[in-house]
Each structure stands twice: as structure tokens, then as C-alpha cells.
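Scroll down for the structure; my scribbles are underneath it.
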Amino acid sequence: MFYGAEVWDPWLIAAQIVCLQCLYYLTLGFFLSFLVGTRVSRLTLVYFFDFATITTSTVTGRCVIASLLPSSFAGAGYMLYLIERAKKCLDFSATLFIIHLFICIIYGGWPSSITWWVVNGTGFAVMAWLGKRLCRKRELQEIPISRYRSSVNSNLVVKCGLDLA
């Protein structure tokens, strides 16, 4: 299907959002389990959604920050395979972080820490920018048709009975 001929499909968009959100949180959980899970007695959802855990004043807080940023890099890679379009990367990144903001508000209240905003803003920028670059790089790749063309030409020669030798 050509990119310009696609039909607006809300079920596909919702499925992409859910998949991207789930993969982001799975990756975040993976990094949190290694970086934070070794420092605390019990890893809970507090480290995912409470703004108070994102701080530079403690080692555990810095480990939470160190978990959030690579998750944004991974999110850009996920967008390469889930979204596939450079012009949609900003929208999906913004959607992911807005949903994350709502979950954080429900879980721990309005994020009043400037560190939370800087870390999540940086994560959003990294995911949107890197996802757009990766998708654009894939979109600009040449379509390999030389192999197909040569097999078609040889089939035509055989069918027509032409001897090119």
C-alpha cells in the first residue's frame, strides 16, 4: 500500500498507542529492575509513576533517571517498527508522555518537581527526534528492484524465444 493512499483507521492507531505504551513500560521495568531493584528491598510502582522518586539528591533517584532515559531510546526503536512513519513520531511520542503524565497524576498527584519535568521532557524530545530520524532513514532507502527486474527480463526472453547470445 502506498503511504498516501492509507485510510484513517482508529483501531490501528489505538492498537499502536497501546503497544508502544506497553513496550515502553516493559523496557522501563527492565532498566528499573537492574538499576533500582538492586538498591531497594522491594521494587514497586512508586518508581514508575511517583514524581518524588525522580531526584538527583539520592543515588536511587539518579538510578531512576538513568532508567527513564534509555527507555526513551528504546521507544524510538519501537516506533521504527510499530509506527514506520517519520511524520507520526512526534504525535505518538507526545501521546505516550501525555498518557504517562495522566497516570503519574492519578498515582502520585501533580508532578511539582522540576527534575521530573526536565527528565520526562528530555525523554520525550529524545524519543520524538530519534524516532523521526530512524523512520526517515528507513523511508529514504532505495527500493531494491534490480533483482526482480532481471528475473522478469530473463523470463520474457525465454517466453519470446529470443536468443541474445
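Looking at (1) surrounded by fewer than 13 Cβ atoms within 10 Å (Cβ to Cβ); (2) at pLDDT 95 or above, can you tell me which one residue 119 breaks?
(1)
Search the range 27-56 for residues that are in contact (Cβ under 8 Å) with a residue 60 or more places away in the chain and pair each with any residue that is small (Gly, Ala, Ser) and not in a loop (DSSP other than H, G, I, E, B) when their beta-carbon atoms are under 7 Å apart and the residues are at least 6 apart or on different chains.
51/108; 52/108; 54/61; 55/61
From the list 65, 83, 13, which residue is surrounded by 17 or more Cβ atoms within 10 Å (Cβ to Cβ), of a type in the set (A, V, I, L, M), out of contact with any Lys or Arg (no Cβ under 7 Å at 6 or more places or on another chain) and closer than 26 Å to residue 141 by Cα?
83
Go through (1) modelled with pLDDT under 95; (2) within 25 Å of the chain's Cα centre (by Cα); (3) over 18 Å from residue 64 (Cα atoms); (4) not small (Gly, Ala, Ser) one by one and return the number of the condition residue 107 breaks.
(3)
On the given criteria, is residue 78 assigned to a helix (DSSP H, G or I) and crowded, with 17+ Cβ neighbours inside 10 Å?
So residue 78 fits the description; yes.
Out of the residues in the range 107-116 meeting the condition of being in a helix (DSSP H, G or I) and touching a residue at least 40 places away in the same chain (Cβ under 8 Å), tell me which one is surrounded by the most Cβ atoms within 10 Å (Cβ to Cβ).
Among those that are in a helix (DSSP H, G or I) and touching a residue at least 40 places away in the same chain (Cβ under 8 Å), it is 116.
May I ask you to say which residue of 63, 104, 19 is under 24 Å from residue 132 (Cα atoms) and either free of Cβ contacts under 8 Å to residues at least 40 places away in the same chain or in a helix (DSSP H, G or I) (or both)?
19
Has the range 86-101 got at least one residue that is modelled with pLDDT under 95, surrounded by 15 or more Cβ atoms within 10 Å (Cβ to Cβ) and not in a helix (DSSP H, G or I)?
no
The values are calculated or read from the model by the stated rules, or taken from the named source; none is laboratory data. The structure presented is a predicted model; accordingly, all values stated were derived computationally and were not measured. We place every Cβ from the backbone using ideal geometry, glycine too, and count neighbours over all the protein chains shown.
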